[in-house]
Amino acid sequence: MYSQAGQDKFVLDRIGANGTYLEIGASHPVHINNTYLLELNGWTGISIDIEDKNVHHWNNYRKNPLIIADALTYNYQKSGWIDYLQLDIEPSENTFNCLMRILETTKLKFGVITYETDAYLDNRFVEPSRRILQSLGYTLAVADVMCDFGPFEDWYIYER
């Protein structure tokens, strides 16, 4: 397990090997990373981060690409199925806005979503994100995942 709160294990238990992912807010390629274990289990996907400080490390450890881009303006695929979406950018308002951009500009569906709410810092976007995702058929599988600071993430699943 490489993730902060077992996100990688949750996704693997739910989907299995050889899935696809879209990781928004990649940061370090291994340490506290939600997709490294997935990649080790045959997953493919792209990771997006606004900062380029980890590109050198990324290229040494990972085979799937890291795209340096602003997740709020990135041109996402327009339709299809992706097994896992990770949303984790700062601050929580940006994470919410990124979620809305994806939902409003694409027809993408995701088997699992781990959505960092950072509720312990700012809970303004927790209920709106829950209401929107649940209205689109996503089930809130785990609410208020905890870290050392308090509740920071919600995990969703979608049944095809």
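The values are calculated or read from the model by the stated rules, or taken from the named source; none is laboratory data. All values derive from a computational prediction rather than experimental measurement. As a convention, Cβ positions derive from the backbone with ideal geometry for all residues, glycine included, and neighbour counts pool all protein chains shown.
In the range 37-59, which residues are over 30 Å from E104 (Cβ atoms) and modelled with pLDDT of 95 or more?
Selection gives L37, L40, N41, G42.
Which residues, counting only those in the range 21-40, are in contact with a Leu (Cβ under 9 Å, 6 or more places away or on another chain) and part of a loop (DSSP other than H, G, I, E, B)?
Those that are in contact with a Leu (Cβ under 9 Å, 6 or more places away or on another chain) and part of a loop (DSSP other than H, G, I, E, B): G25, A26, P29.
If I filter the range 13-20 for residues that are in contact with a helix residue (DSSP H, G or I) (Cβ under 7 Å, 6 or more places away or on another chain), of a type in the set (A, V, I, L, M, F, W, C), assigned to a loop (DSSP other than H, G, I, E, B) and touching a residue at least 24 places away in the same chain (Cβ under 8 Å), do I get at least one hit?
No: the range 13-20 contains no residue that is in contact with a helix residue (DSSP H, G or I) (Cβ under 7 Å, 6 or more places away or on another chain), of a type in the set (A, V, I, L, M, F, W, C), assigned to a loop (DSSP other than H, G, I, E, B) and touching a residue at least 24 places away in the same chain (Cβ under 8 Å).
If a residue must be touching a Ser or Thr at 6+ places or on another chain (Cβ under 7 Å) and charged (D, E, K, R), how many such residues does the range 9-28 contain?
So the answer is 1.
Please find, within the range 13-36, the residue that is surrounded by the fewest Cβ atoms within 10 Å (Cβ to Cβ) out of those that are within 20 Å of V145 (Cα to Cα) and either more than 14 Å from the chain's Cα centre (by Cα) or acidic (D, E) (or both).
Per the criteria, the residue is D13.
Output the helices (runs of 4 or more DSSP H) that fall wholly within the range 44-158 and possess 3 or more residues being surrounded by fewer than 12 Cβ atoms within 10 Å (Cβ to Cβ), or say none.
Counting at least 3 such residues, we get 126-135.
Quick test for you: out of A71, A143, A119, pick the one residue that is small (G, A, S) and within 25 Å of N18 (Cα to Cα).
The unique qualifying residue is A71.
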